[in-house]
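Worksheet: one structure, shown below.
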Amino acid sequence: MSSTLSRFTAPLGLSLALTLSGCSSDSEPVSPGAPGPSAPFELPEEIKIAKPTEPVVHLETVEDLSEEVADWLLDFSDKLRRRDLSAAAAWLREDFAGHSIADLPVAGETALELDAVRSEFDLSALEVVGRQDFLDSIEAHIGSWETMDSVIWKTKGAEFQSGRDRWGKVKVWMRYIGTRTSGGRASLSGFAYIQVRKERAKWGIERFQLTSLQMEHREGPIFTNVATSTGVAHQGPRFGQPGNQSYAWNGSASADVNGDGLWDVFHPSDGRNFLYIATPEGTFKEEAEARGVLQPDMGTGAVFFDFDNDGDQDLFVAHEGWVGKGGETKGQTSKLYLNDGEGVFELVTDDIGLDVLLVGYSATAFDYDMDGWLDIFVCGYGRVEDEHNNSWIDATNGKPNGLFRNINGERFEEVAAQAGVQAGYWSYASAVADYDLDGDLDLYVANDYGLNRFYRNEGDGTFAEVAEELGLLDRGNGMGVSFGDLNNDGVLDVYVANMSSTAGNRILDRLKDEVDAEAFEMLKKTAAGNTIFLRAGDGFEALPLEAGGVNASWAWAPILCDFDLDGRTDIFVTNGFVTGELAHDT
């Protein structure tokens, strides 16, 4: 059984046999239980895929089948991404019949931002075609594209016929993303039902019923990837392979470290760190060793700030540090690198107050006590190698946060417990802002495996946790947060990055009639993805999912910025976990 299923079923303690509530249709089946037609194969006049008449009802069994088909479709997606249609044909049965996606009239067009256009295709006169013509219809859309960056056929719902004749009805979401010859980006997407059948231990797509199709595109590019040409492209070892002991990179930090007016970039990493110094020509030179920040490696978060108020940018890097089973110190404590004013750093380790073991995952610099010296808050996560999270929805066994008070630019004093922010959740990211305009900075902390927290600065060196009081009690796998005015009303709103899970939502839809309504909504929120909180009165209100801007899969590190300079705040969200050549790696 998949790990995703375990995450969403374990908290309920369920052992269920239930009827599925996934894909549905009022149409009649096209001989779903019959064997494949004998040659010569005649195409049906229309495609109608019905629900199984005797569906598999055991939750773990049906989800194992769903994940099996989902993984199999990822391989199919990879063949389409490579535009290897001859290889993709192996996923379609010889008796395949489905709707062609080519030559569909445009039902309507919508003008989008930045001269982009969304075209909705008219499905009123779909043509039924066989295997080769179906593949040719895909080629008709994407064959001329300059690049094909992503193809995904994602399983959104599935149900299967019980008995020896194994077949199923699967709801899929398809999206093809690439660059057209004009240089503009394009996205072809839509929903469909497919009928899959398993014979001789091999699945095959038997029917394809298109239910929606749209294209979004623009003539020229908006952004251009210049990592290679500017000198910052670097590929680490594949996750799980020798030489990659962690996740290769853990965040980054930017600042003008040498005072030349150009922004430089620091990346902590495995084996060594990277410091890219900007040049007037728009490129970068990697100078971590020459500038004193090559080691120690394995940093988990970084922030530039002026520690000693001397006008240059110093560097703080969080690390994982813990006590081993024998009482020995493991990992690293947080590190401070002092800038000499010319962009050369000295690692300060003696009597600086950083000899505190934290499982640090990110750091935020702010003057929490308003004494004129920047302090550092470090999110404390946990070590699954030693102890797994004790809940998927409300974990409380994370490691403590750290709050390092800056003492006159000379040393730090760790004061998280006294200030009321030590907690002990699986804290991942934080952000600060003066939400109540009282002159001091308040702190939002995004927690993995549970509820996020919001700490109001009381102005006396302490914080009060007021997330529930203000309507900010967001539940999910929090991995990023940012403040910004998202509706141009002059006050700050909150954007929180969480995981969204297709498999989680698929499972929960099957459980809807079997569990307590409150528990269902709680779990559904955990799988729903990002959250937008708009300021409302003295608190905040969560925008409904229909407002958009929140579906970003495995989301991290949101950035709120007016990218197109139209006076409105836009949202950029990094997403993904492990990326490689195969779609499985996502």
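Using just the helices of the chain, give the 222 nm mean residue ellipticity in deg cm²/dmol: DSSP H runs with n ≥ 4 each add -39,500 (n - 2.57), and the total is spread over all residues, rounded to 500. Calculated at 222 nm, the ellipticity per residue is -4000 deg cm²/dmol.
Here the 3J(HN,Hα) profile of the stretch 46-51, calculated from phi with Karplus coefficients 6.51, -1.76 and 1.60 at θ = phi - 60°, is 8, 10, 9, 10, 9, 5 Hz, Gly and Pro shown as x. Compactness ratio for the stretch 456-586: Cα radius of gyration over 2.2 N^0.38 Å (N = residue count) comes to 1.19. Judged by the gyration tensor of its Cα atoms, with axes a ≥ b ≥ c, the stretch 374-524 is oblate; a/c meets the 1.5 cut and b/c is at least as large as a/b.
Per residue, how large is the accessible surface of the chain? Use a 1.4 angstrom probe and give square angstrom.
46 Å²
Given their separation in residues at 0.36 nm each and the Cα-Cα distance between them, ALA290 and LEU473 gain 61.3 nm when the chain is fully extended.
Its Cα gyration tensor gives the stretch 443-488 an equivalent ellipsoid, and the semi-axes of that ellipsoid, as √(5λ) in whole Å with the largest first, are 18, 15, 10. If one takes the longest principal axis of the Cα atoms in the chain, at what angle in degrees, from 0 to 90 and to the nearest 10, does the Cα axis of helix 59-81 lie? With rounding to tens, the tilt is 90 degrees. Shape class for the stretch 394-445, computed from the alpha carbon gyration tensor (a ≥ b ≥ c): oblate, with a/c not under 1.5 and a/b at or below b/c. When the Cα gyration tensor is reduced to axis lengths a ≥ b ≥ c, the ratio a/c is 1.5 or higher for the stretch 240-348, and with a/b not above b/c it is classed as oblate. Translational diffusion coefficient of the chain (Stokes-Einstein, Kirkwood radius from Cα pairs, 4 °C, 1.567 mPa s): 49 µm²/s. The stretch 139-188 and the stretch 444-491 have Cα centres separated by 37 Å. Residues GLU518, GLU63 ordered from highest to lowest accessible area at a 1.4 Å probe: GLU518, GLU63.
To test your reading of the geometry: what angle, between 0 and 90 degrees and rounded to tens, separates the Cα axis of helix 517-528 from the longest principal axis of the chain? The angle comes out at about 80 degrees.
Mean shadow of the stretch 135-190, computed from the convex hull of its alpha carbons, in nm²?
With every direction weighted equally, the projected area is 4.8 nm².
Only protein atoms count toward the accessible area here, which uses a 1.4 Å probe; on the chain, the carbon and sulfur part of that area reaches 48 percent.
Once the Cβ-Cβ distance between LYS525 and HIS388 is put in as r, and R0 is 25 Å, what FRET efficiency do you end up with, to the nearest 0.05? Present the calculation step by step, with values, prior to reporting the outcome.
Numbers: r = 22 Å, r/R0 = 0.88.
Computed FRET efficiency for LYS525 and HIS388 comes out at 0.70.
Computed extension length for ASP260-GLN235: 6.2 nm, one decimal, from 0.36 nm per residue of separation with the Cα-Cα distance subtracted. Across the chain, Cα pairs under 8 Å and at least six residues apart give a relative contact order of 8 percent.
The stretch 156-315: D in µm²/s via Stokes-Einstein (Kirkwood Rh, Cα pairs, 25 °C, 0.890 mPa s)? The calculation lands on 119 µm²/s. The Stokes-Einstein estimate for the stretch 108-213, based on a Kirkwood radius over Cα pairs and taken at 10 °C with 1.306 mPa s viscosity, is a diffusion coefficient of 100 µm²/s.
The values are calculated or read from the model by the stated rules, or taken from the named source; none is laboratory data. All figures in this text were calculated on a predicted structure; none of them were measured in a lab. Every residue, glycine as well, gets a Cβ built from its backbone with ideal geometry; the counts of neighbours run over all protein chains shown. With ligands, DNA and RNA removed, areas are computed over all heavy atoms of the protein, side chains included. Shrake-Rupley method; radii C 1.70, N 1.55, O 1.52, S 1.80 Å.
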